[in-house]
1. Need at least 3 residues that are in the same structural domain as Phe80 (by TED's automatic domain parsing) and free of Cβ contacts under 8 Å to residues at least 40 places away in the same chain per element, so show me which helices (runs of 4 or more DSSP H) inside the range 91-184 make the cut, counting only ones lying wholly within it.
2. If a residue has to be within 20 Å of Arg198 (Cα to Cα) and of a type outside the set (A, V, I, L, M, F, W, C) to count, how many in the range 253-288 make the cut?
3. Considering only residues that are β-branched (Val, Ile, Thr) and either over 20 Å from Gln90 (Cβ atoms) or surrounded by fewer than 22 Cβ atoms within 10 Å (Cβ to Cβ) (or both), look in the range 141-178 and name the one that is farthest from the chain's Cα centre (by Cα).
4. Mind checking which residues of the range 226-244 are out of contact with any His (no Cβ under 8 Å at 6 or more places or on another chain), surrounded by fewer than 20 Cβ atoms within 10 Å (Cβ to Cβ) and modelled with pLDDT of 95 or more?
5. Is it the case that the range 256-276 has a residue that's out of contact with any His (no Cβ under 8 Å at 6 or more places or on another chain), closer than 20 Å to Val309 by Cβ and away from ligand 1 (no atom under 14 Å from the Cβ)?
6. Kindly indicate the residue of the range 262-285 that is of a type in the set (A, V, I, L, M) and farther than 14 Å from Ala203 by Cβ and also nearest to ligand 2 (Cβ to nearest atom) among those meeting that condition.
7. Checking the structure you have, find out if any residue of the range 187-196 is within 9 Å of ligand 2 (Cβ to nearest atom) and under 21 Å from Met327 (Cα atoms).
8. Taking Gly189 as the residue in question, decide whether it is within 27 Å of Leu304 (Cα to Cα) and surrounded by 22 or more Cβ atoms within 10 Å (Cβ to Cβ).
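The values are calculated or read from the model by the stated rules, or taken from the named source; none is laboratory data. Small disclaimer: the values here were computed from a predicted structure and weren't measured. A quick note on method: Cβ atoms are made from the backbone with ideal geometry, for glycine too, and the neighbour counts reach across all protein chains shown.
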Amino acid sequence: MNTHSPEEEFKSLARGIAWWGGLTLGGISAVFLALLALSTSTPKTAVPEAVITEPTTPISIADRIAQSGDTQLQDGYAFFVHTDETLGPQQENPERRITGNGLKCSSCHLNEGTQPFGLPLNGVSQRFPQYRGREDKIGTLAERVNGCFTRSMNGKALDTAQYEMKAIISYIDWLDLNQAGTEAQKVKGLKPIELPNRAVDLAHGKEVYDRACALCHQGNGLGLKNPGAISYTYPPLWGPDAYNNGAGMSRVITAAQFIKNNMPFGINYENPTLTDEEAYDVAGFINQQPRPQKSNLEQDFPNLVKKPVSTPYPPYLDPFPQSQHQMGPYPEIIAYYAKQYQEEKKN
Ligand code: HEC
Ligand code: HEC
């Protein structure tokens, strides 16, 4: 019934998606594709019922990328979901040793960068160039990706015109086009939690960790991989292979929002199992553990008004001690910036 090549199929799928906006779930797209093919080849009245009711398997992102015939996009996808194997410290090609830890982009940008409130990257391309407080200037998407390379991935910045960077951006652009109208595209970043008006309780954080996290991330926080393997099955939360102290995740509020709506792995924002207090305490506990240290952090946030309140490193523009920025209580710091600088603080 269908004589299209995979490449043509992919293109018509992409067009269909751009056109229909909402109909982007793999399964629905597959049905739509079948109907599209039929409607061009067969008169509508002659559509055999069997074809419509035929069970369809959703087309995964991996399959759609594989069928795209676009090498740069395929590489970008591999850099994103297999960062450790393709750009990690154990890469055979020294020029491809970009990151400095055991994480993948998708360790945090969950579900290949499509998870609502799991740091989804759908719709991100459209938001750049964008003002960034950390640099106090308008930054490009490539510069933003470098922020994660040098902090979340504890690695080197890429030249913004470099192939690996262009490839990753191809994938982020692809998500934009191909996820139009999905839930993940409507949500940005992370879902706020109600911040307890008290400091992090480290003993309670450890208790939560041992009960709800250690099973996968291990009691020592170093994650789990098979002997000799490059990839972690369960990524490290601290130690030499984890995100560094300049990363967004090293802020307690950011980490608590991520954890509440995404961990233990398998839950999502619709069925969280941790309370806000548990997420807050376990985030505080994790971020007090040893991890790689980034240099020159004092140069971040040239305009200190823009510095997120739970940034763990100084300088600060307020009278509160570093320990309070690292472990709360935050409401009084947030209130201070609102009063002194009319600045609304989120994390
Ligand atoms: C340890 C977790 C972690 C890893 C690993 C990680 N990121 Fe991020 N990323 C974040 C967090 C947290 C934010 C947003 C927080 C902030 O800085 O405000 C973010 C933000 C971004 C943004 C901006 C999103 C927006 O909505 O504006 C892009 C683009 C991005 N990351 C790309 C990447 C890429 C590409 C990789 C792999 C090279 C990567 N990230 C690896 C945690 C991570
Ligand atoms: C069932 C196993 C499992 C449990 C339990 C679990 N995680 Fe995770 N966690 C994962 C996996 C797997 C990933 C990476 C996701 C991916 O690659 O798709 C992850 C990613 C993360 C990340 C971001 C990546 C990194 O390594 O920094 C953080 C932070 C995190 N988990 C914290 C927690 C906390 C806190 C708990 C306990 C409340 C927890 N996790 C419980 C499996 C688990």
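1. Working: elements: 110-113, 124-127, 141-147, 163-178.
Once the helices (runs of 4 or more DSSP H) in the range 91-184 are filtered for at least 3 residues that are in the same structural domain as Phe80 (by TED's automatic domain parsing) and free of Cβ contacts under 8 Å to residues at least 40 places away in the same chain, what remains is 141-147.
2. So in the range 253-288, the residues within 20 Å of Arg198 (Cα to Cα) come out as 253-260, 274-288.
From what is left, the residues that are of a type outside the set (A, V, I, L, M, F, W, C) are 254, 257, 260, 275-278, 280-281, 284, 287-288.
The qualifying residues number 12.
3. Here is the first cut: in the range 141-178, the residues β-branched (Val, Ile, Thr) are 145, 150, 160, 168-169, 172.
Still in the running and either over 20 Å from Gln90 (Cβ atoms) or surrounded by fewer than 22 Cβ atoms within 10 Å (Cβ to Cβ) (or both): 145, 150, 160, 169, 172.
On the way: Val145: 11, Thr150: 15, Thr160: 20, Ile169: 14, Ile172: 11 Å.
Going through the qualifying residues, I end up with Thr160.
4. So the first thing to find is which residues in the range 226-244 are out of contact with any His (no Cβ under 8 Å at 6 or more places or on another chain), and the list is 226-230, 232-233, 238-244.
Now narrow it down to the ones that are surrounded by fewer than 20 Cβ atoms within 10 Å (Cβ to Cβ): 226-230, 233, 239-240.
Hits for the range 226-244 are Thr233, Gly239, Pro240.
5. yes
6. Pass one, the range 262-285, residues of a type in the set (A, V, I, L, M): 263, 267, 274, 279, 282-283.
Those left that are additionally farther than 14 Å from Ala203 by Cβ: 263, 267, 274, 279, 283.
On the way: Met263: 4, Ile267: 9, Leu274: 6, Ala279: 7, Ala283: 7 Å.
Among those residues, the one meeting the criterion is Met263.
7. Let us first name the residues in the range 187-196 that are within 9 Å of ligand 2 (Cβ to nearest atom), namely none.
Taking every residue of the range 187-196 in turn, none turns out to be within 9 Å of ligand 2 (Cβ to nearest atom) and under 21 Å from Met327 (Cα atoms).
8. Values: within 27 Å of Leu304 (Cα to Cα): yes; surrounded by 22 or more Cβ atoms within 10 Å (Cβ to Cβ): no.
It is false that Gly189 is within 27 Å of Leu304 (Cα to Cα) and surrounded by 22 or more Cβ atoms within 10 Å (Cβ to Cβ).
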